[in-house]
1. Given Cα positions, please report Rg to Rh for segment 375-528, the hydrodynamic radius being the Kirkwood one.
2. How tilted is helix 89-100 with respect to the longest principal axis of the chain? Cα atoms for both, answer in degrees (0 to 90, nearest 10).
3. Where a ≥ b ≥ c are the square roots of the eigenvalues of the C-alpha gyration tensor, would you call segment 90-202 rounded, which needs a/c under 1.5, or, failing that, prolate if a/b is larger than b/c, or oblate?
4. May I ask what percent, to the nearest 5, of DSSP beta bridges between residues of the chain are antiparallel?
5. Mind sorting out which of (1) 0.99; (2) 1.30; (3) 1.03 is the real Rg/Rh (Cα atoms, Kirkwood Rh) computed from the coordinates?
6. Out of all Cα-Cα pairs in segment 207-273, roughly what percent, to the nearest whole number, are more than 19 Å apart?
7. Calculate how many DSSP beta bridges within segment 207-273 are antiparallel, expressed in % of all such bridges and rounded to the nearest 5.
8. Using Cβ contacts closer than 10 Å as the measure, can you line up 118, 349, 105 from fewest to most?
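Readers should treat all values here as calculations from the given coordinates under stated rules, not as data from a laboratory. Note that the coordinates shown come from a computational prediction; the quantities given were computed from them, not determined experimentally. Glycine gets a Cβ as well: all are built from the backbone with ideal geometry, and neighbour counts include every protein chain shown.
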């Protein structure tokens with residue numbers, strides 16, 4: 001069904017800014033609370049002062065602030081400058097998914113057969129069919145297996161077929177870095193996979209190595225969920241207490257061999273890594289086959305991946321995911337890349353009926369953006385998550401999206417998924433849970449973060465000191481320090497401290513070594529150090 005294009009009210013105010021950086025800086029008072037001081041010359045000068053910080057020397061910024069009610073632009077700096085948005089790309093993907101799939105959309109994982117049951121024997125093949133659920137846990141496969149056992153089946157005469165044909169076979173996104181292959185934030189995409197935890201890091205296993213009892217012992221290594229789909233090559237050694245901890249856990253390219261190397265001292269801390277698997281379809285099939293065995297069901301034939309379930313096959317068991325409006329919480333709060341890519345491919349399938357792929361999915365996102373008043377011709381999106389460095393988005397287009405979203409029937413559910421500044425709950429504060437604490441922005445700002453090396457972004461909503469809601473988009477690129485999050489925070493806290501009549505400039509905190517959330521989203525660093 002076609003939808004009318006909503007035109008965002010954006011009466012552009014073209015500010016003529018005097019050369020005020022030195023003047024504005026001179027007004028800062030060392031005695032001001034929390035680094036703030038009145039700047040009566042206005043909001044544009046205050047934000048310009050922050051962007052003039054030496055950390056942005058030689059860098060690029062696209063920044064827009066607008067009134068959420070009227071759409072009037074209150075500040076703009078290179079508003080149409082296309083920069084890498086990093087995970088702010090998920091704003092495009094998530095809003096499109098809420099519209100194109102719907103907030104009540106659920107992914108299903110089915111077990112079917114084309115054979116017949118004779119007593120305890122199922123004569124034929126058993127099909128495990130996925131539709132792209134990024135939240136399927138090992139326990140969900142166990143429940144499917146239990147349903148097969150409860151039907152009285154004890155042996156399947158044929159094969160176990162893993163049907164991942166809802167999506168295409170392209171596993172990784174455009175220009176994803178090769179050295180990220182085993183990193184859990186760059187897991188392979190399949191319509192069938194397994195998440196090892198309730199952060200729903202699909203396509204990964206959790207590998208933990210603990211020191212041995214004495215020097216010379218090999219560390220003890222465990223894999224969760226337990227599976228023979230991966231093989232552990234442990235050549236690490238325990239050294240005497242106080243020795244050097246150099247333990248490293250990686251996966252060999254193109255294999256499911258996980259290597260554990262280096263040293264760990266007696267009594268030292270455990271090392272835990274989330275490691276991607278090679279070919280997640282096979283991973284899901286292996287977990288399901290093990291679950292069947294645990295419930296007393298033997299599959300006589302081999303596992304075969306990538307075949308479609310025959311038409312007319314009857315359903316034996318089914319599992320539904322949580323609805324999309326609930327899935328949005330782990331997706332957006334924790335900036336889960338795999339959720340973004342699965343949703344992109346799911347949108348592509350729904351739009352075309354073809355196996356879900358990035359081309360069709362991105363076209364579906366673009367179609368939604370047009371209805372939201374966003375011009376897809378002014379941005380480039382090549383994946384759903386923002387992991388690609390080819391993604392380019394200007395702040396003014398994100399502002400249009402944020403304004404348009406407020407008029408959608410699903411807005412409340414989507415807005416709830418945005419991280420909340422300084423809320424310590426991982427599934428509320430998300431990637432903002434340690435930021436802007438002790439300021440008027442705390443528990444006020446709802447925004448999406450974004451981080452890659454040399455690219456940082458923050459876009460969302462904040463109420464100023466007078467209760468007026470503002471929308472903002474800050475995209476910073478090509479800087480050399482490890483992080484410029486302090487500048488983003490200073491801009492947003494300035495908005496939160498200011499009123500319509502009076503701007504209050506907040507100085508960015510000083511650089512203190514390598515700041516949290518620099519090169520990558522903090523939630524991409526396991527255990528999360530947000």
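1. Working: Rg = 15.3 Å, Rh = 16.1 Å.
Taking Rh as the inverse mean 1/r over Cα pairs, Rg/Rh reads 0.95.
2. Taking Cα atoms only, the helix is inclined about 60 degrees.
3. On the way: a/c = 2.33, a/b = 1.93, b/c = 1.21.
Note, shape of segment 90-202 comes out prolate.
4. Values: 65 of 85 bridges.
Here the share of antiparallel DSSP bridges comes out near 75 percent.
5. Comparing each candidate, only (3) matches the computed number.
6. Numbers: 601 of 2211 pairs.
That fraction is 27 percent.
7. Numbers: 11 of 18 bridges.
Restricted to segment 207-273, the bridges split so that about 60 percent are antiparallel.
8. Lowest to highest Cβ neighbour count: 118, 105, 349.
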